[in-house]
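J.: One structure, pasted below without further comment.
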Amino acid sequence: MTVVGIADDRLELLAPEAKDALRRARTVIGGRRHLALYRAWGEAEAADTVAITADTDELGARIRALVAGDAGPLCVLASGDPGFFGILRTLLNHLDRHQLQVLPAPSSVSVAFARLGLPWDDAVVVSAHGRPLEDAVRVARTAPKVAVLTSPDSPPEALGKALLVAGCAVDALAVCSRLGAPDEEVRELSLDELAEGRFDPLSVVVVLGPGALPLSGWSAAGGLGRAPRPRVLAWGRDDVLYAHRGGMITKAETRAIVLGKLALPEHGVLWDVGAGSGSVAIEAAMLCPGLTVFALEAADEDAERISANATAAGVGVHVLAGTAPGSLRALPDPDRAFVGGGGIDVLEAVLARLAPGGQVVATFAALDRAVEAAHLLGNLIEVRADRGERLPDGAWRLAANNPVFVAWGPAEPPAGAR
């Protein structure tokens, strides 16, 4: 059996080896569109044809019967590369691979990126054919370059709606439909336009983003496209788990309160502004893997430290080196935000970008700034946790720590709070 990939729905573009296999075939197997191309080709002698349907078990039985009955040579027609989310996987359920000769054409994904003038050796490809759309959303939410193969059950507009619900941000987006056909269409559009439109369900959707920002954590923990680690219901993890510079870390006891006041949603965008060690961002990502988490810190060295901490924790955090409020312009609007560094002007800038129903938590060492923040947010507490220390004789004492002031709001409960 020879499996022939067709490019651009044009049999005249086939390589000589593929044309020869098609001319010699006694039985040609393919979808209705491919069989119509074969019948109109005019270069082959009359051959029996078998139409591929959605019933793969029936197809497998037909193929086994043809092989057992010596009905060959057999030729299977497919689009693009049959081994790339194509029929080859189905055929291998019924035949030994040594019985197959595969002659591929360019895949739909390679053609899509070619039409857009983009390389794709660094792209992550995910299929929504018979697979949960949530898998595609998770990959598109974190990877800088993604191609999603859509389907009648999960058309491009369904992907767009799911990305919006997940709070995904993109730099660029394109829907590539009917590639190679006379009515081929390649549309570059916004995420809102994708969600609101109607498209050919059998398309390739190319997603660039969010922000083309580096993702720390998941890549080092097993590769983009793999599932994140199981959700961990623990917060206020020990400070020793985080590398930090000179105590620039939200202490565990304060961190536990901050995460509680953030009322983390399952999906959305979280900012950690003035992230220090990144401990709040990292624990938020651990608690809610559906969040897209951004950590902003001024110095490159500190940003690298946050990346290392995220990698050690095995979670995905987008880390930026920059100062607020200027560097916030590149980020998608937050559903939740933690301000661990910066003045009132930074807090005001965060509030101006906060999504409806969102929540902001800010910490301060100075009471006067905390009071200003309370006027903006509506809530204020003082947190002081004296930690126990063992004395040389084995007794315990409480070591005093400076208080931290935590402000949060707006005063109304956030949407989706749990």
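The values are calculated or read from the model by the stated rules, or taken from the named source; none is laboratory data. Just so it is clear, the model here is predicted, and its values are computed rather than measured. Positions of Cβ are generated from backbone atoms using ideal geometry, with glycine treated the same way; all protein chains shown enter the neighbour counts.
J.: If I filter region 15-38 for residues that are more than 23 Å from residue 203 (Cα to Cα), among the charged types (D, E, K, R) and free of Cβ contacts under 8 Å to residues at least 24 places away in the same chain, do I get at least one hit?
T.: yes
J.: What is the one condition in (1) at pLDDT 85 or above; (2) over 20 Å from residue 198 (Cα atoms) that residue 131 does not satisfy?
T.: (1)
J.: Aliphatic (A, V, I, L, M), in contact with a Gly (Cβ under 7 Å, 6 or more places away or on another chain), more than 13 Å from residue 274 (Cβ to Cβ) and surrounded by 13 or more Cβ atoms within 10 Å (Cβ to Cβ): does that describe residue 377? Before you say what the answer is, go through the steps one by one.
T.: Details: aliphatic (A, V, I, L, M): yes; in contact with a Gly (Cβ under 7 Å, 6 or more places away or on another chain): yes; more than 13 Å from residue 274 (Cβ to Cβ): yes; surrounded by 13 or more Cβ atoms within 10 Å (Cβ to Cβ): yes.
The answer is yes for residue 377.
J.: Suppose we filter region 284-309 for residues that are touching a residue at least 24 places away in the same chain (Cβ under 8 Å), within 13 Å of residue 323 (Cα to Cα) and aliphatic (A, V, I, L, M); how many remain?
T.: 3
J.: Being part of a strand (DSSP E or B) and either surrounded by fewer than 16 Cβ atoms within 10 Å (Cβ to Cβ) or not assigned by TED's automatic domain parsing to the domain that holds residue 146 (or both) is the filter here, so list the residues in region 173-204 that pass it. Walk me through it before giving the result.
T.: Residues of region 173-204 that are part of a strand (DSSP E or B), as a first pass: 173-177, 185-188, 203-204.
Scanning region 173-204 gives 185, 187, 188.
J.: Still on this structure, please answer the following. Restricting to region 91-139, give me the number of residues that are touching a helix residue (DSSP H, G or I) at 6+ places or on another chain (Cβ under 6 Å) and over 19 Å from residue 56 (Cβ atoms).
T.: 7
J.: Among the residues of region 270-283, how many are closer than 18 Å to residue 326 by Cα and in contact with a strand residue (DSSP E or B) (Cβ under 6 Å, 6 or more places away or on another chain)? Walk me through it before giving the result.
T.: So the first thing to find is which residues in region 270-283 are closer than 18 Å to residue 326 by Cα, and the list is 270-276.
If we keep only those that are in contact with a strand residue (DSSP E or B) (Cβ under 6 Å, 6 or more places away or on another chain) as well, we get 270-273, 275.
Residues meeting the conditions: 5.
J.: Keeping to region 145-172, report how many residues are out of contact with any Gly (no Cβ under 7 Å at 6 or more places or on another chain), surrounded by fewer than 20 Cβ atoms within 10 Å (Cβ to Cβ) and of a type outside the set (A, V, I, L, M).
T.: 4
J.: Going by the conditions given, is residue 50 closer than 19 Å to residue 67 by Cα, out of contact with any Ser or Thr (no Cβ under 9 Å at 6 or more places or on another chain), at pLDDT 85 or above and not in a helix (DSSP H, G or I)? Outline the logic, then answer.
T.: Values: closer than 19 Å to residue 67 by Cα: yes; out of contact with any Ser or Thr (no Cβ under 9 Å at 6 or more places or on another chain): no; at pLDDT 85 or above: yes; not in a helix (DSSP H, G or I): yes.
The answer is no for residue 50.
J.: Under the condition of being in a loop (DSSP other than H, G, I, E, B) and of a type in the set (Asp, Glu), which residue from region 355-399 is nearest to residue 252 (Cα to Cα)?
T.: Pass one, region 355-399, residues in a loop (DSSP other than H, G, I, E, B): 355-358, 365-366, 378, 384-386, 391-395.
Checking the rest, the ones that are also of a type in the set (Asp, Glu) come to 386, 393.
Working: 386: 12, 393: 27 Å.
Looking at residues that are in a loop (DSSP other than H, G, I, E, B) and of a type in the set (Asp, Glu), I get 386.
Matching residues to (1) within 23 Å of residue 343 (Cβ to Cβ); (2) at pLDDT below 90:
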| position | (1), (2) |
| --- | --- |
| 294 | yes, no |
| 303 | yes, yes |
| 307 | no, yes |
| 316 | no, yes |
| 319 | yes, yes |
| 326 | yes, yes |
| 330 | yes, yes |
| 333 | yes, yes |
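J.: Residues 22, 66: which one is within 25 Å of residue 178 (Cβ to Cβ) and assigned to a helix (DSSP H, G or I)?
T.: Details: 66 fails: within 25 Å of residue 178 (Cβ to Cβ).
The conditions single out 22.
J.: Can you say whether residue 255 is surrounded by fewer than 18 Cβ atoms within 10 Å (Cβ to Cβ) and either assigned by TED's automatic domain parsing to the domain that holds residue 383 or part of a loop (DSSP other than H, G, I, E, B) (or both), as far as the supplied structure shows? Write out each step before concluding.
T.: Numbers: surrounded by fewer than 18 Cβ atoms within 10 Å (Cβ to Cβ): no; either assigned by TED's automatic domain parsing to the domain that holds residue 383 or part of a loop (DSSP other than H, G, I, E, B) (or both): yes.
When the stated conditions are applied, residue 255 does not pass them.
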